[in-house]
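Colleague: My structure is below; once you've seen it, I'll send some questions.
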Amino acid sequence: MSDSPTPDASASDMRKGRTPKLASSVHDVNAEKPPFGSRFLTADADVFSQNAWDHVPPPDEHDEHIAASLARQRAAPCPEPERQKINDRPAKHWCVSLVELIVPGDADTSGGRDNFYKTNADNFFRDRNWLSLEFPELLAATAPDAGPQTVCEIGCGAGNTAFPLLTTSRNPSLTIHALDFAAHAIKLVQRHPLYTAPPPGAGRVRAAVWDLTAREMPAGVREGSVDVALMVFVMSALGPGEWESAVRSVWRLLKPGGLLLLRDYGRYDLAQLRFRTGRLLGDNFYARGDKTRVYFFELDELALLFTGERATPAQKASAEGVRVEDEEEGQEGAIVNGGTASPGIAGAHTPVPQSDGASSPDASSAGLTAGFSVPTPSLDPSSLPPSQAGATPAPESESDSDPSRFASAERAAASLHASGALFTAEQLGVDRRLLVNRKRQLKMYRVWVQGKFRKV
């Protein structure tokens, strides 16, 4: 893939006087040099003087902030009756009648009422142009000589990956299956002008309602027919008891040798620490204000689920970077305004304002096109914050030996991989970012996990 930025990203970034993101956030830890465009912070006082600094981990005292946030949440979890309602029918919080927004007079026969899509409709998700940097395999499927290719986006929302990919495509034999368990999200996709009139020679988009945890295959998709599957902020919407079914469904979709591309929330991300009391459903599992759910993963959990083994040190690639977002930039500004205010030099912290967590599952990545992210050569586990275990976060040496730490992932892995690994990991990494608002002198730490898994 070319190191040149996309035209849209380049124009936007250059107007703002900053270098656009040119490389993936996660890369081969054995590479001799990090991707082009690295910047190194040589003095903490310089953190607000440039647009981008790379390899900036959280300061040591950030662990105390993590511990305080988790203790506050555990002291007042989600009440049991409310927890049962949220977990019993999670789809209904995504599936609402869009009578006024989709087809006037169209009755809602789903029985669900989804405030998420009713409130946000098709303007909620920004087009995910950053995917071309993180997952160039998607672009490879759009090449004119790629031949018949089937791409499946699981959790497609309003089609903000499917349609940009379609407009990029020069492959007339490309089929993009847009799948979501929210019926009205699928209606939004089907209403898009490109759904019925795709660009000539670009292929086509087909949309269907599908529950990732169901036994049935999606309508119009044969088992073992998909070349590339994409899951962005999807696994985190599932409870631990649903992980096994989800992994098995993805494996059934893919061809032998097919590729799963995954990106999701990482443990102790800003969004996790901001949750107010009454939102905790279980360990690292929360209900947003709109009652949609979100889990925050450790890298080892994803490795266990998809490969049956914990991540190896060589797999634990890490990207630690800093990105500057001006206050007037609305999408990231919403994150900045609700984030950890750290005036002055690195290391100064104030408590995170409590949030109802009703932000988009895409909000954390919405500005990545204009962002900066480069990897570190390796991930030192001792530099990570302590893992959650017990009533308060334990020191890492204790939590690492806690047999229950990965219990849910290990139970699912034991069943999934009893006869051999279903996938091999081609990429597995943590993307750590320090978001900076120079005007307000704010610093906020984001954590995402990313992987590429090849079906065995």
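The values are calculated or read from the model by the stated rules, or taken from the named source; none is laboratory data. What you see is a predicted model; the values in this text were computed from it and never measured. Neighbour counts run over all protein chains shown; Cβ positions are idealised from the backbone, glycine included. Heavy atoms of the whole protein, side chains included, go into the accessibility calculation; ligands, DNA and RNA do not. Shrake-Rupley method; radii C 1.70, N 1.55, O 1.52, S 1.80 Å.
Colleague: How big is the antiparallel share of DSSP beta bridges in segment 212-294, given as a percent to the nearest 5? Working shown, then result.
Modeller: Working: 4 of 10 bridges.
The antiparallel proportion sits near 40 percent.
Colleague: Using packing as a proxy for protection, rank 441-452, 139-150 so that the peptide with the highest average count of other Cβ atoms within 10 Å comes first.
Modeller: Details: 441-452: 23.7, 139-150: 15.9.
Most protected by this proxy first, the peptides run 441-452, 139-150.
Colleague: With labels modelled as points extended 7 Å from the Cα through the Cβ direction, what inter-label distance (nm, one decimal) is found for residue 426 paired with residue 309?
Modeller: That separation, rounded to one decimal, is 1.9 nm.
Colleague: Same structure again: Rank by packing, highest mean first: peptides 163-174, 413-424, 230-241, with packing defined as the count of other Cβ atoms within 10 Å averaged across residues.
Modeller: With the highest mean Cβ count within 10 Å placed first, the list reads 230-241, 163-174, 413-424.
Colleague: Also, I was wondering about something else. Going by the alpha-carbon gyration tensor, a ≥ b ≥ c the square roots of its eigenvalues, is segment 400-456 rounded (a/c under 1.5) or, if a/c is not under 1.5, prolate (a/b greater than b/c) versus oblate?
Modeller: Values: a/c = 5.08, a/b = 2.05, b/c = 2.47.
It comes out oblate by the Cα gyration axes.
Colleague: For residue 404 and residue 255, what is the calculated FRET efficiency with R₀ set at 35 Å and r taken between the beta-carbons, to the nearest 0.05?
Modeller: On the way: r = 36 Å, r/R0 = 1.04.
Approximately 0.45, to the nearest 0.05.
Colleague: Hey, for a label at residue 411 modelled as a point 7 Å past Cα toward Cβ, could you say which residues of segment 279-297 have their backbone N under 19 Å away?
Modeller: 281-286, 294-297
Colleague: Now for a different question. Determine, for each peptide in 426-437, 190-201, the mean count of other beta carbons within 10 angstrom over its residues, then list the peptides with the highest first.
Modeller: The most tightly packed comes first, giving 426-437, 190-201.
Colleague: If you don't mind, there's one more thing I want to ask. Considering only Cα-Cα distances, which of the following residue pairs are longer than 32 Å: 85/452; 291/443; 187/291; 85/255; 85/439? Present the calculation step by step, with values, prior to reporting the outcome.
Modeller: Working: 85/452 34 Å; 291/443 28 Å; 187/291 22 Å; 85/255 37 Å; 85/439 42 Å.
Too far apart for the 32 Å limit: 85/452; 85/255; 85/439.
Colleague: Here's another thing I want to ask about it. Suppose all protein chains stay in the model; what accessible area per residue would a 1.4 Å probe give for segment 167-206, in Å²? Before the final figure, lay out the partial values.
Modeller: Values: 1740 Å² over 40 residues.
On a per-residue basis, 44 Å².
Colleague: Using Cα centres only, tell me the gap between segment 432-455 and segment 231-245 in whole Å.
Modeller: 21
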